[in-house]
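A short reminder: the numbers here are calculations on the coordinates, not readings from a lab. Computed from a prediction, not measured in an experiment: that's the story for all the values here. All Cβ positions, glycine included, derive from the backbone under ideal geometry; neighbour counts span all protein chains shown.
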Amino acid sequence: MTATLAAPVPRSRVAPTLDRDELLRYGRHLLLPEVAIDGQRKLKSARVLVVGAGGLGSPAALYLAAAGVGTIGLVDFDIVEVTNLQRQLLHGTRDVGRSKLDSARDRLHDANPHVKLELHATRLTAANALTIIREYDIVLDGTDNFATRYLVNDACVLLGKPNVYGSIFRFDGQVSIFATEDGPCYRCIYPEPPPPGLVPSCAEGGVLGVLPGLVGTAQATEAIKLILGIGTPLTGRLLLVNALDAEFRSVRVRRDPACPACGTRELQTLIDYDQFCATSGGDGAGLDAVPQIEPRELAIRRASGEAIQLIDVREPHEWEIGRIDGATLIPLHRLRERLRELDASAPTAVYCKGGTRSALATRDLLDAGFRRVWNVSGGILRWSREVDSDIPEY
Amino acid sequence: MSLTVSLPSVLSRLADGSRSLSASGTTVGEAVADVTRRFPSLTTRLVDENGQPYPFVTFYLNDEDIRFNGGFTASVRDGDELTIVSAVAGG
């Protein structure tokens with residue numbers, strides 16, 4: 001089966017020729033009709049950004065370099081520590097104490113001196129992500145925290161760059177391709193991160209050293225397939241790697257029409273991901289540093305006659321499913337342009353489906369000068385459970 | 001109905017180390033309740049205080065995300081497989 005994705009490398013980019021050294025080096029590729037000289041030239045013209053030069057980034061970058069991907073960008077700001085060496089094969093014992101980028105540059109240059117390396121010695125942030133990622137064809141997510149994963153996802157969705165995702169913990173790994181034209185994104189599977197501390201990091205919970213080898217290599221495989229336009233990509237599937245039981249299987253993942261990134265596209269700029277991940281709660285409250293109001297309290301205050309301006313920041317198709325009586329529909333991405341319709345002096349409650357979008361809206365309203373604003377905790381889902389069960393859950 | 005429930009390693013420790021469990025119920029929600037009844041320490045890891053799925057734990061019934069098929073009200077049949085996948089961020 002042939003990949004149905006649009007070629008990530010712009011057709012306008014002239015595929016470079018291969019010299020004698022390269023023809024020899026890539027001889028085993030050239031024997032494959034699916035690669036051959038044309039494919040090898042595609043690889044040489046490709047630009048892949050590897051975010052994180054750690055467990056996943058190590059095998060991924062090594063195989064991408066060995067395969068002849070012409071330009072590899074690396075983002076990292078860490079120093080090599082001895083505890084990295086159990087799994088991070090870009091770095092050796094003699095590299096302990098060096099920057100990971102310096103170590104990676106030396107190792108990758110040795111693996112393939114034909115590859116151009118672009119080193120980004122920085123933490124990927126909302127301030128620099130779009131600028132960095134824009135210059136590449138494909139992003140390979142090898143980060144180690146939820147905040148950067150959501151950042152990479154959202155930046156890739158905004159820029160239309162395929163995000164070859166991998167993550168690991170203990171004996172389990174996950175691989176997929178997000179942010180393609182029709183496929184799902186990371187938020188479609190995990191709309192919100194776990195609250196801090198619920199899911200330990202590898203530093204806290206451990207990871208089998210070879211596991212990032214399996215997962216990072218799978219990511220490199222998918223990136224190479226995307227560049228070559230061969231095979232069946234992992235788009236729409238989440239590959240689950242269970243190293244302990246030697247199981248590889250995939251489950252189907254779909255684009256969520258309500259996904260704020262790739263579904264409704266209400267997320268039109270990058271947000272504060274540290275805050276997003278630091279404050280997301282198990283009840284889906286998201287940004288719960290903003291003032292909250294419990295559904296029951298809101299219901300009691302409205303029933304007692306208090307004039308509370310109620311704003312629903314969901315999308316119209318969600319509004320059709322059910323709504324709180326007396327609410328005004330203003331989808332989150334329209335909020336700023338419709339502020340004039342609202343009374344900034346009136347007490348205001350904002351709700352969405354689960355509380356995340358409305359937390360963003362609450363913050364926006366506070367920033368806009370509203371003095372008494374609350375996010376309805378748990379959104380309309382919690383309202384449905386605690387106040388009005390006639391409103392369907394969805 | 002009897003179905004098989006697969007747990008990720010991050011949660012298996014809360015089920016006496018088992019990654020594969022048998023569960024009974026007519027819906028996904030009932031099957032999950034059966035699991036949490038037998039392994040109470042899994043409860044807060046699988047469902048929120050309202051008994052609903054978290055946005056960072058995904059339930060796949062025969063490889064399909066239940067969010068698109070009725071959530072916890074999705075009906076199950078004998079021999080179905082429920083795969084629970086938790087968000088992890090290691091890299």
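Could you give the angle, 0 to 90 degrees to the nearest 10, between helix A:146-159's Cα long axis and the longest principal axis of the Cα atoms of chain A?
Orientation of helix A:146-159: about 80 degrees from the principal axis.
Tell me whether segment B:2-86 comes out rounded, prolate or oblate; compute the Cα gyration tensor, take square roots of the eigenvalues as a ≥ b ≥ c, and use a/c under 1.5 as the rounded threshold. Write down the numbers at each step before the final one.
Details: a/c = 1.41, a/b = 1.19, b/c = 1.18.
Rounded is the answer for segment B:2-86, as its axis ratio a/c remains below 1.5.
When Cβ neighbours within 10 Å are restricted to other protein chains, what is their mean count per residue of peptide B:12-25? All intermediate terms of the calculation are to be shown ahead of the outcome.
Numbers: counts 4, 2, 0, 0, 0, 0, 0, 6, 1, 0, 0, 0, 0, 0.
Other-chain Cβ atoms within 10 Å of each residue's Cβ, averaged: 1.
Go ahead and set up a Gaussian network model of chain A, Cα springs under 10 Å, then flag whichever of A:ALA359, A:ALA129, A:ALA65 fluctuates most.
A:ALA129
I need the phi-derived Karplus couplings for segment A:28-43: 6.51 cos²θ - 1.76 cosθ + 1.60, θ = phi - 60°, integer Hz, Gly and Pro marked x.
Per-residue couplings from phi come out as 5, 6, 5, 6, 8, x, 6, 10, 6, 5, 4, x, 5, 5, 4, 4 Hz.
Grab the other residues whose beta carbon is less than 14 angstrom from that of A:PRO392, score K and R as +1, D and E as -1, and report the net.
Details: positive: A:ARG314, A:ARG323, A:LYS353, A:ARG382, A:ARG385; negative: A:GLU318, A:GLU320, A:ASP388, A:ASP390, A:GLU393.
Charge balance near A:PRO392 sits at 0.
Please identify, among B:ASP48, B:ASP16, B:ASP65, the residue showing maximal mean-square fluctuation in a Gaussian network model of chain B using a 10 angstrom Cα cutoff.
For chain B, modelled as a Gaussian network with Cα springs under 10 Å, the answer is B:ASP16.
Tilt of helix A:100-111 relative to the longest C-alpha principal axis of chain A, in degrees (0 to 90, nearest 10)?
40
Counting DSSP beta bridges in segment A:47-156, what percent are antiparallel, to the nearest 5?
5
Calculate one ³J(HN,Hα) per residue across segment A:238-253 by plugging θ = phi - 60° into the Karplus curve 6.51 cos²θ - 1.76 cosθ + 1.60, and present them in order as whole Hz with x for glycine and proline.
Running phi through 6.51 cos²θ - 1.76 cosθ + 1.60 with θ = phi - 60° gives 10, 7, 10, 9, 10, 5, 5, 9, 6, 10, 10, 8, 10, 10, 7, 10 Hz.
Once you list every other residue whose beta carbon is under 11 Å from the beta carbon of A:ILE227, what net charge do they have if Lys and Arg are +1 and Asp and Glu are -1?
Working: positive: A:ARG41, A:LYS42, A:LYS44, A:ARG47, A:LYS225; negative: A:ASP137, A:GLU222.
Every neighbour counted, the sum reads +3.
For a test of the definition: using alpha carbon positions, the gyration tensor, and the 1.5 limit on a/c, classify segment A:281-386 as rounded, prolate or oblate. Before the final figure, lay out the partial values.
Details: a/c = 1.21, a/b = 1.12, b/c = 1.08.
Taking the square roots of the gyration eigenvalues as a ≥ b ≥ c, segment A:281-386 is rounded.
Looking only at other chains, what is the average number of their beta-carbon atoms within 10 angstrom of each beta-carbon in A:170-177? All intermediate terms of the calculation are to be shown ahead of the outcome.
Values: counts 7, 5, 10, 2, 6, 0, 0, 0.
Per-residue shielding by partner chains comes out at 4.
Quick one: grab the alpha carbon gyration tensor of segment A:20-252, order the square roots of its eigenvalues as a ≥ b ≥ c, and give me rounded if a/c is under 1.5, else prolate or oblate depending on whether a/b is larger than b/c. Intermediate results must be reported in sequence, preceding the final value.
On the way: a/c = 1.40, a/b = 1.18, b/c = 1.19.
Because its axes are fairly even, with a/c under 1.5, segment A:20-252 counts as rounded.
Pick from A:ASP272, A:ASP367, A:ASP154: which residue has the top mean-square fluctuation in a GNM of chain A where Cα pairs under 10 Å get a spring?
A:ASP367
For chain A, give the share of DSSP beta bridges that are antiparallel, in percent and rounded to the nearest 5; count only bridges with both residues there.
Numbers: 18 of 48 bridges.
The answer is about 40 percent antiparallel.
In debye, nearest 20, what is the charge dipole magnitude of the protein assembly as shown about its Cα centre with +1 on Lys and Arg Cβ and -1 on Asp and Glu Cβ, if you could check? Numbers along the way, then the final one.
Working: 52 positive and 60 negative charges, 227 e Å.
Once rounded to the nearest 20, the dipole reads 1100 debye.
What value in Å³ per residue do you get for the convex hull of the alpha-carbon atoms in the protein assembly as shown?
Working: hull volume 72.1 nm³, N = 485.
It is 149 Å³ per residue.
Is there a simple number for the mean count of other chain Cβ atoms within 10 Å of the Cβ of residues in A:230-239, and what is it?
That works out to 1 on average.
I want the local charge near A:PRO8. Using Cβ-Cβ distances under 12 Å, sum +1 for each Lys or Arg and -1 for each Asp or Glu among the other residues. Walk me through the numbers on the way to the answer.
On the way: positive: A:ARG11, A:ARG13, A:LYS42, A:ARG47, A:LYS161, A:LYS225; negative: A:ASP137, A:GLU181, A:GLU222.
Here the count lands on +3.
Highest first, please rank the peptides A:55-63, A:333-341 by the mean number of other Cβ atoms sitting within 10 Å of their residues.
Working: A:55-63: 28.1, A:333-341: 12.8.
Descending mean neighbour count gives A:55-63, A:333-341.
Can you tell me the order of A:314-322, A:211-219 when each peptide is scored by its average per-residue count of other Cβ atoms within 10 angstrom, highest first?
A:211-219, A:314-322
Excluding residues on the same chain fewer than 8 positions from A:LYS225, give the aspartates and glutamates whose Cα lies under 15 Å from its Cα.
Here the aspartates and glutamates satisfying the reach criterion relative to A:LYS225 are A:GLU34, A:ASP38, A:ASP137.
Quote the convex hull volume per residue of segment A:10-111, based on C-alpha atoms, as a whole number of Å³. Let's see the in-between values first.
Details: hull volume 10.8 nm³, N = 102.
Spread over its residues, the Cα hull of segment A:10-111 gives 106 Å³ apiece.
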